[in-house]
Structure formats: structure tokens, C-alpha cells
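Chemist: Take this structure, written in C-alpha cells, and hold onto it; I'll ask about it next.
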Number of protein chains: 4
Amino acid sequence: MSESEYKKLTDEEVKAQMGEVDGWTIKEGKLHKTIEFTTFNEAFGFMTRAAMEIEKINHHPEWSNVYNRVVINLVTHDVGGLSNYDFKLAKILNGLVPKN
Amino acid sequence: MSESEYKKLTDEEVKAQMGEVDGWTIKEGKLHKTIEFTTFNEAFGFMTRAAMEIEKINHHPEWSNVYNRVVINLVTHDVGGLSNYDFKLAKILNGLVPKN
Amino acid sequence: MSESEYKKLTDEEVKAQMGEVDGWTIKEGKLHKTIEFTTFNEAFGFMTRAAMEIEKINHHPEWSNVYNRVVINLVTHDVGGLSNYDFKLAKILNGLVPKN
Amino acid sequence: MSESEYKKLTDEEVKAQMGEVDGWTIKEGKLHKTIEFTTFNEAFGFMTRAAMEIEKINHHPEWSNVYNRVVINLVTHDVGGLSNYDFKLAKILNGLVPKN
């Protein structure tokens with residue numbers, strides 16, 4: 001399936017993409033975001049919605065949770081850097097955060 | 001634990017409570033609500049958040065899902081009717097529905 | 001994507017497939033299974049794992065839950081009957097039930 | 001509720017408890033376990049079952065996930081060390097890992 005191909009992004013391409021992923025930064029070479037929810041319940045509700053999307057595009061994050069906080073790091077080990085899939089997932093995850 | 005006691009509500013008490021549970025009706029003696037979400041993903045995210053609350057108060061619904069729709073029926077078999085716990089859960093579930 | 005095409009199955013094809021989906025029956029024209037888990041927790045754990053697979057193949061069940069019981073009905077409305085996708089999902093779901 | 005009281009455990013009490021939590025070690029003062037599942041789906045199914053138990057006892061882990069791996073650290077900040085609740089949760093989580 002041609003659309004599932006991973007492409008390593010150049011620094012210029014990464015810079016151009018950063019404007020489209022609100023709240024994400026680059027940290028140790030990974031696309032990074034910390035999201036604070038109001039409760040553990042809300043945080044885990046987000047994670048479950050995220051899990052379904054993650055499986056659908058078969059691109060898995062490094063993520064952690066403590067109570068109401070979720071920390072996410074995205075990187076594509078297969079290409080040794082950031083790929084189009086990291087930004088694709090970042091955009092999807094942004095769409096799942098409740099607007100409070 | 002005294003606060004977990006189930007109390008069967010009289011018809012008058014049920015009527016009084018109905019004003020506090022937006023979107024719920026009485027159907028075949030059960031507290032009933034159909035919720036339409038935008039997607040299966042959003043519907044199941046709600047169900048997961050609900051599941052955590054359900055377990056916490058140990059009062060379980062009869063509920064079904066088809067794609068973006070969740071149908072919920074609440075009743076307390078142990079008291080043979082509606083109890084304070086059905087309304088407690090209805091209020092909790094209302095609080096988990098995203099405001100679109 | 002050619003492999004995602006829905007094909008309505010003939011009665012003969014349905015019969016042939018039934019041998020491969022342990023515990024499923026035909027009920028009102030739908031592929032049907034009731035699964036009893038030990039607890040609500042185990043039942044909902046199954047539903048979450050199922051939800052990820054359901055989204056991945058984009059074929060959604062009619063399913064309901066009461067406490068430790070999950071009832072599932074599969075049908076493909078677009079073809080007006082049972083399709084290859086109903087059996088595909090039935091097999092996937094069977095693989096997610098814990099062996100006790 | 002008296003049974004929900006957190007008690008900081010002495011080193012001796014921690015040692016005594018370690019024999020009851022299979023696969024857990026002490027790492028940087030926290031009760032620690034890494035669990036490898038077969039897939040992301042199985043890992044997240046465990047996390048969802050865990051989330052319901054976590055909410056029920058209102059004691060939240062520090063945990064992370066990458067694909068099929070879940071890393072869990074338990075500590076009770078309120079008592080400045082390990083409490084009876086860390087071991088309580090460790091035992092509950094062990095009970096949720098599928099036996100393969």
C-alpha cells in the first residue's frame with residue numbers, strides 16, 4: 001500500500017511541518033508533547049481513543065502517564081529520525097484532545 | 001460502607017430526579033438514554049471513561065453500541081426498580097459526553 | 001484497496017464458514033455469539049481489545065454488555081446479509097477471548 | 001474510610017512483601033516491573049483493565065508503553081516512599097497479565 005510508506009524528513013521538511021502540529025516540540029530528536037488533562041479518567045479516555053488510531057495506522061508512540069498527565073514522544077526508528085508518520089500521528093492525536 | 005446502600009425510589013422521587021438528568025427518559029421501567037457520537041472512536045472513548053466510573057461505584061448498566069451510537073438502560077435489579085444509584089450513574093455519564 | 005471489498009456470502013458459503021468460528025451461531029440472519037467473562041473488568045478488557053481490531057478493519061458490530069456478559073451480532077448492511085467481513089471479524093474476536 | 005489509609009512501609013516490611021509480588025523489583029526507591037506482551041493490542045488491553053482497578057483504589061502508577069511493552073513504577077509520594085497501596089496495586093496488576 002503506497003500511502004503507508006515511511007519517508008524520513010529533512011530538517012527543512014521537519015521545520016515546515018512544525019507549524020501544523022500545535023503544542024509539539026522537538027526534544028532529543030523526537031516529536032514531543034506533554035498533555036495535561038483534568039483527571040486520570042480523562043487522560044486514559046484520550047489514551048484509549050489514541051490507541052485505536054495508533055493501531056489503525058500501525059505507528060506506535062513512546063508514551064507515559066502519571067495521573068492526569070500524558071507525555072508522548074514520536075520517532076520512526078526504521079528511518080533513523082522523524083518521518084511523515086510522526087507528523088501524521090501528531091495531528092491525529094491533537095484532534096483527540098478535548099477542548100475545555 | 002453506608003453511602004453505597006441502594007434505596008428504591010418512589011414514583012414521586014423518580015419524577016423529582018428526572019429534572020436533573022438531561023436527555024434521559026423512563027422506558028420499560030428503566031432509565032434510558034441514546035447518545036449519538038460523531039464516530040465509533042468517540043463512542044468507544046466515552047464507553048471507556050464510563051467503564052472506569054461504573055467500576056468505581058460498582059453499578060453496571062445494560063448498554064449497547066452500534067458504530068457511533070450508544071444506548072444505555074439503567075435499573076437496579078436488587079431493589080426491583082429504580083434506585084438512587086441509577087440516577088447517580090446517569091449524572092456521571094452525562095458528565096462524560098463531549099460538548100460539541 | 002481490493003482486499004477490503006465486501007462480498008455477500010451465499011448460504012453454502014455461510015455454512016462452510018460456520019465450522020471455522022467456534023461458538024457462533026446464525027440468529028435472525030446475523031452471526032451471533034454470547035460470551036461470558038468472569039467480571040465486568042474482563043468483559044470490558046475484551047471489548048477494548050476488540051474495539052482496536054474493529055477500527056482497523058473498519059467493520060463494526062452490534063454489541064451489548066451487561067456486567068460480565070457481552071453479546072455480539074455481526075451483519076453487513078451494505079450487502080444485505082452476511083459477508084466475508086463478518087466471518088473475518090468473528091475469527092479475530094475469538095482470538096481475543098482469554099483462555100481460562 | 002479506614003481501609004484506604006496509606007501506611008509507609010519500613011524496609012523490613014518491604015522485604016517481607018517482595019515475596020508476594022512476582023516479577024517486581026525495587027528500582028530507585030520505587031516498585032518496578034516491565035511486562036512484555038505479544039502485541040500493542042494485548043499491552044493496551046492490559047492497560048485498560050489496569051486503569052479500571054487503578055481508579056477503583058484511587059492509587060495511580062507512573063507507567064509507560066512502547067508497542068508491546070509496559071513499564072510500571074509504583075511509589076506513594078504522600079508518604080515519601082513505598083506504602084501498602086503500592087503492593088496492593090502490584091498484586092492486582094499481576095492478576096491482570098494474561099497467562100500465555
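The values are calculated or read from the model by the stated rules, or taken from the named source; none is laboratory data. Predicted model, so just to flag it, every value in this text is computed and none were measured. Neighbour counts run over all protein chains shown; Cβ positions are idealised from the backbone, glycine included. For the accessible areas, the whole protein counts, side chains as well, though only heavy atoms, and no ligand, DNA or RNA atoms are used. Shrake-Rupley method; radii C 1.70, N 1.55, O 1.52, S 1.80 Å.
Chemist: To the nearest 500 deg cm²/dmol, what mean residue ellipticity at 222 nm is calculated for chain B from DSSP H runs of n ≥ 4 alone, each contributing -39,500 (n - 2.57), summed and divided by the residues?
Modeler: -11500 deg cm²/dmol
Chemist: So what is the accessible area of the stretch B:15-84 per residue, in Å², with the probe set to 1.4 Å?
Modeler: 42
Chemist: Points 7 angstrom from Cα along the Cβ direction at C:Lys99 and D:Lys88: gap in nanometres?
Modeler: In this crude spin-label approximation the distance works out to 3.5 nm.
Chemist: Would you tell me the mean number of C-beta atoms belonging to other protein chains that fall within 10 Å of each C-beta in A:30-42, as a whole number?
Modeler: Per residue, the average neighbour count from other chains is 2.
Chemist: With only Lys, Arg, Asp and Glu charged, each at its Cβ (+1 for the first two, -1 for the last two), find how big the charge dipole of the stretch A:25-100 is about the Cα centre; round to the nearest 20 debye.
Modeler: Charge dipole of the stretch A:25-100: 220 debye, to the nearest 20.
Chemist: For the stretch D:27-100, what is the number of Lys pairs with C-alpha distance below 18 angstrom, counting only pairs 8 or more positions apart or on separate chains?
Modeler: Close lysine pairs found across the stretch D:27-100: 10.
Chemist: What Kirkwood radius, in Å to one decimal, follows from the Cα pairs of the protein assembly as shown?
Modeler: 23.2
Chemist: In whole percent, how big is the carbon plus sulfur part of the accessible area of chain D, probe 1.4 Å, protein atoms only?
Modeler: Carbon and sulfur together cover 47 percent of it.
Chemist: Same structure again: Using the Karplus equation 6.51 cos²θ - 1.76 cosθ + 1.60 (θ = phi - 60°), what ³J(HN,Hα) coupling, rounded to whole Hz, does each residue of the stretch A:10-16 give in order, writing x for Gly and Pro?
Modeler: My calculation for the stretch A:10-16 gives 6, 4, 5, 5, 4, 4, 5 Hz in order.
Chemist: Partner chain Cβ atoms within 10 Å, averaged over the residues of C:51-60 - can you pull that number for me?
Modeler: Average neighbour count from other chains, rounded to a whole number: 6.
Chemist: 5 Å is the cut-off here: which amide hydrogens, built 1.01 Å from N in the peptide plane, fall below it relative to C:Gly81, excluding neighbours closer than 5 in sequence?
Modeler: C:Thr76
Chemist: Limiting things to C-alpha atoms, what are the Rg and the maximum Cα-Cα separation (Dmax) for the stretch A:17-75, in angstroms?
Modeler: 11.7, 31
Chemist: Still on this structure: Provide the gained length on full extension for the span B:Thr38 to B:Asn68, in nm with one decimal, where the gain is 0.36 nm per separating residue minus the Cα-Cα distance.
Modeler: Fully extending the segment from B:Thr38 to B:Asn68 adds 10.2 nm.
Chemist: Which longest uninterrupted range of chain B lacks any trypsin sites (Lys or Arg not before Pro) assigned by DSSP to a loop state (not H, G, I, E or B) and surrounded by at most 15 other Cβ atoms within 10 Å?
Modeler: B:8-98
Chemist: With a cut-off of at most 10 other beta carbons within 10 Å, and DSSP calling the residue loop, which GluC sites (Glu not before Pro) in the stretch D:1-79 qualify? Please list them.
Modeler: D:Glu5, D:Glu28
Chemist: Using each residue's phi in the stretch A:22-33, evaluate 6.51 cos²θ - 1.76 cosθ + 1.60 at θ = phi - 60° and report the 3J(HN,Hα) Karplus result to the nearest Hz, with x for Gly and Pro.
Modeler: After applying 6.51 cos²θ - 1.76 cosθ + 1.60, I find 4, x, 9, 10, 9, 9, 6, x, 10, 7, 10, 8 Hz.
Chemist: While we're looking at this one, here's another question. Check which residues have an amide H placed less than 5 Å from C:Lys30's amide H, if you skip close sequence neighbours.
Modeler: Close amide H contacts, sequence-distant or interchain: none at all.
Chemist: What distance in nm separates the two pseudo spin-label positions at D:Asp22 and C:Asp11, each 7 Å out from Cα along the beta-carbon direction?
Modeler: Result for the modelled spin labels: 5.2 nm.
Chemist: Sorted by accessible area (1.4 Å probe), largest first, how do C:Val21, C:Val75, D:Val66 line up?
Modeler: Accessible-area ranking of C:Val21, C:Val75, D:Val66, largest first: D:Val66, C:Val75, C:Val21.
Chemist: Charges on Cβ only, +1 for Lys and Arg, -1 for Asp and Glu, centred on the Cα centroid of chain D; of D:Ile92, D:Gln17, D:Leu82, which one is farthest towards the dipole's positive end?
Modeler: D:Ile92
Chemist: Ok, one more. Rounded to two decimals, what is Rg over Rh for chain C when you use alpha-carbon atoms and the Kirkwood radius?
Modeler: 0.96
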